[in-house]
Each structure stands twice: as C-alpha cells, then as structure tokens.
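Remarks on the structure that follows.
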Amino acid sequence: AWLEEESTPAPPAGAITTIDLSRQHLTISSLQLLPPTLTCVDLSRCSLESVAPLSRLPRLELLNVSYNRLRSLDLGRNINLKVLYARSNSIEELGALRMLRALQSLDLECNALDSVEALAPLWGLGRLSELRFLELANNLAISGTLPPALGGLTSLREFGLNENRISGSLPTELC
C-alpha cells in the first residue's frame, strides 16, 4: 500500500480523529477550533484562502484542501502528513512542503505553478524521500527542463506531468 503505517502516538480514547467539513464555508477562525487529535481532515470546496491554522494539528496524516482559493500551503509544521490533496487551487509556491519528510502522496493538479524552478522544494536535497505519488498535471504554465535532482525522489512510483510545457527528456536518474 502507498500509505504505510508507522508508529504515531494514539490519540486519547474517544477523541475525534477524522472530520469531513467539505463544502462548508469556513474561515481562519473556524480552522482554529479544530481539535488537535485529528489525523484525517477533508476541507475541500470550503472557499479557504489559507490553511495556516492547521499547523497546530500535530497528528495530521491525510489532508484534502482541493478546490479552494489557496495560493500557498503553510503546512511545514505538519511533519506527520503523509497524503495531501491540493488540486484546483491557485498555488504558486511550495516552499513549506520541503519540511514534510513523511509525505507519500501529493496531488497538485490544476494549480498556478509556473516553472520547474517553482517545484524545486519537492526534490531539493532529497528531502521528500518517502514520496511515491506526485501529480502535477494541468498546471499549464510549468515550463522548463526537469533537473537531475528529481532523481532524488527514489521512492517515486507515479508521476503525472501531462498538460504542462516541459521540455527535454526525463532525467536518467528516474529511469
């Protein structure tokens, strides 16, 4: 399975660990009220412009923030995050993602990423060594040549880049 179990301290008995708030109109204040015991959160289609308050959820492993109005992902403190769905936003910057070393699946389809350089936090220094699934399709503005550093994603098994303007060939490190 692409989402492997690791030892994460169990939340207290009876604590809420999963919540689906999709299609709700939420604010930053709403997010600040979420219990810190959450491991799975669905905030898709909530008209969110920021997810910064989620940094106070230390157990978060799966997050869906697809179809919002996000321009960045302020999730650098969510070090247990394994699965992140963030498709169909306006994300331009990925800097905070470089801290998510447990990340195994990342979906950034249909965002505003504009160059191969904008993707550098994903493969810089091999930080995301657990990443198995990476979807970057339909960012339309991603252009340039894929760098050999992409080969640092040694666990990568699925990589979606269709509907972009990538030139050159795949780095041999990926083959």
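Every residue, every condition in (1) modelled with pLDDT of 95 or more; (2) surrounded by 13 or more Cβ atoms within 10 Å (Cβ to Cβ); (3) of a type in the set (V, I, T), yes or no:
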position	(1), (2), (3)
A15	no, yes, no
Q32	yes, no, no
D42	yes, yes, no
R59	yes, yes, no
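Identify the single condition in (1) touching a residue at least 40 places away in the same chain (Cβ under 8 Å); (2) among the aliphatic types (A, V, I, L, M); (3) surrounded by fewer than 19 Cβ atoms within 10 Å (Cβ to Cβ) that V116 does not satisfy, given that it satisfies every other one.
Every condition holds for V116 apart from (3).
Can you find a residue in region 34-57 that is within 22 Å of R132 (Cα to Cα), assigned to a strand (DSSP E or B), in contact (Cβ under 8 Å) with a residue 60 or more places away in the chain and not aromatic (F, W, Y)?
No, because not a single residue in region 34-57 is within 22 Å of R132 (Cα to Cα), assigned to a strand (DSSP E or B), in contact (Cβ under 8 Å) with a residue 60 or more places away in the chain and not aromatic (F, W, Y).
Using beta carbons and a limit of 7 Å, which pairs, at least six apart or on different chains, have the first residue in region 58-86 and closer than 14 Å to L43 by Cα and the second one open to solvent by 60 Å² or more (accessible area, probe 1.4 Å) and acidic (D, E)?
Taking only residues 6 or more apart or on different chains, the pairs are R69/E49; L70/E49.
When region 127-142 is examined, which residues are found to be without any contact (Cβ under 8 Å) to a residue 60 or more places away in the chain and either farther than 16 Å from L94 by Cα or under 16 Å from the mean Cα position of the chain (by Cα) (or both)?
Matches in region 127-142: R127, L128, S129, E130, L131, L134, E135, L136, A137, N138, N139, L140.
Take the residues of region 73-90 that are in a loop (DSSP other than H, G, I, E, B) and touching a strand residue (DSSP E or B) at 6+ places or on another chain (Cβ under 9 Å): which is surrounded by the fewest Cβ atoms within 10 Å (Cβ to Cβ)?
This residue is R87.
Answer yes or no as to whether V65 is more than 24 Å from L140 (Cα to Cα), out of contact with any Gly (no Cβ under 6 Å at 6 or more places or on another chain) and crowded, with 22+ Cβ neighbours inside 10 Å.
Here the answer is no, as V65 does not meet what is asked.
The values are calculated or read from the model by the stated rules, or taken from the named source; none is laboratory data. Source: prediction; values computed, not measured. As a convention, Cβ positions derive from the backbone with ideal geometry for all residues, glycine included, and neighbour counts pool all protein chains shown. To get the accessible areas, we keep the full protein, side chains included, count just its heavy atoms, and leave off ligands, DNA and RNA. Shrake-Rupley method; radii C 1.70, N 1.55, O 1.52, S 1.80 Å.
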